[in-house]
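The next block holds one structure in the form of structure tokens; read it before the comments.
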Amino acid sequence: MAGRRGLCVLLLLSALLAAAAPTETSRTSSSKGRSFAGQKVPDTSNASEESYKVDDFAAKVLTGKLTTVFLPTVYVIVFIIGLPSNAMAIWVFFFRTKKKHPAVIYMVNLALADLLFVVWFPLKIAYHLNGNNWLFGEGLCKVLVGFFYENMYCSILFMTCLNVQRYWVVVNPIVHSRRKSEIALGISLAIWILILLGTIPLYLVNQTGYFSDLNITTCHDVLPE
């Protein structure tokens, strides 16, 4: 859960810094969601590997201090705090909480989603410190991207369930039954299945791209147009 809060701060700061960029440059830069759009170009030096190019704004972002110094620094802080705190939260919920209320069940799933994402942070940190150059292969990049979106959507849905459950407790403070915990378990399982099925397309397309002009291989930061 601490990892989720850190990511929120990270995204907020990144958005503020991006908004401070010159508007003329931003208008000429194309993007695809949270990724830049890359154009395929012939690479005569390595015919076996597809090469792409990006505009000047994207190149500055990929080589600038924001992504090569600031982001990995924030990720290190989030990893140091998020890994033990979420692991401890799961341990407390499983072994120190006797009554498994629906709120506890949703909080366990929330902490689990954060933990499964935070454990991959070392790869993300190494990627940014290496100048946004991915060295771990296409497979691990897909896993990292998949866990990123799975964590994001799981966090949204489990927080929604938690808020709805808390509202229900306020409206009906006396009503409680074991069946509600069973329903919470069923909802949690359905959310995990839904998210896993929804993120399958991320594993079916290439997430890495080589850029000969920058001599780097990005992971999801640049996608083909």
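Does any residue of the stretch 100-113 turn out to be charged (D, E, K, R) and surrounded by fewer than 19 Cβ atoms within 10 Å (Cβ to Cβ)? Scanning the stretch 100-113, I find at least one residue that is charged (D, E, K, R) and surrounded by fewer than 19 Cβ atoms within 10 Å (Cβ to Cβ), so the answer is yes. Within the stretch 175-183, not a single residue is under 21 Å from the mean Cα position of the chain (by Cα) and within 26 Å of residue 106 (Cα to Cα).
Would you say residue 94 is assigned to a helix (DSSP H, G or I), at pLDDT 55 or above and over 26 Å from residue 122 (Cα atoms)? Step through it out loud before you land on a result.
Working: assigned to a helix (DSSP H, G or I): yes; at pLDDT 55 or above: yes; over 26 Å from residue 122 (Cα atoms): yes.
Answer is yes for this residue.
Would you check if there is a residue in the stretch 115-124 being out of contact with any strand residue (DSSP E or B) (no Cβ under 8 Å at 6 or more places or on another chain), within 14 Å of residue 218 (Cβ to Cβ) and either in contact (Cβ under 8 Å) with a residue 40 or more places away in the chain or buried (at least 19 other Cβ atoms within 10 Å of the Cβ) (or both)? Yes; the residues of the stretch 115-124 include at least one that is out of contact with any strand residue (DSSP E or B) (no Cβ under 8 Å at 6 or more places or on another chain), within 14 Å of residue 218 (Cβ to Cβ) and either in contact (Cβ under 8 Å) with a residue 40 or more places away in the chain or buried (at least 19 other Cβ atoms within 10 Å of the Cβ) (or both).
Taken over the stretch 46-67, the residue count meeting the criterion of being part of a loop (DSSP other than H, G, I, E, B), modelled with pLDDT of 85 or more and surrounded by 15 or more Cβ atoms within 10 Å (Cβ to Cβ) is 0. Please determine whether any residue of the stretch 180-200 is part of a loop (DSSP other than H, G, I, E, B) and without any contact (Cβ under 8 Å) to a residue 40 or more places away in the chain. Looking through the stretch 180-200, none of the residues is part of a loop (DSSP other than H, G, I, E, B) and without any contact (Cβ under 8 Å) to a residue 40 or more places away in the chain. For the stretch 129-164, residues that are outside any loop (DSSP other than H, G, I, E, B), within 16 Å of residue 222 (Cα to Cα) and over 16 Å from the mean Cα position of the chain (by Cα) total 2.
The values are calculated or read from the model by the stated rules, or taken from the named source; none is laboratory data. Note that the coordinates shown come from a computational prediction; the quantities given were computed from them, not determined experimentally. Don't worry about glycine lacking a Cβ; one is built from the backbone with ideal geometry, like all the others, and counts go over all protein chains shown.
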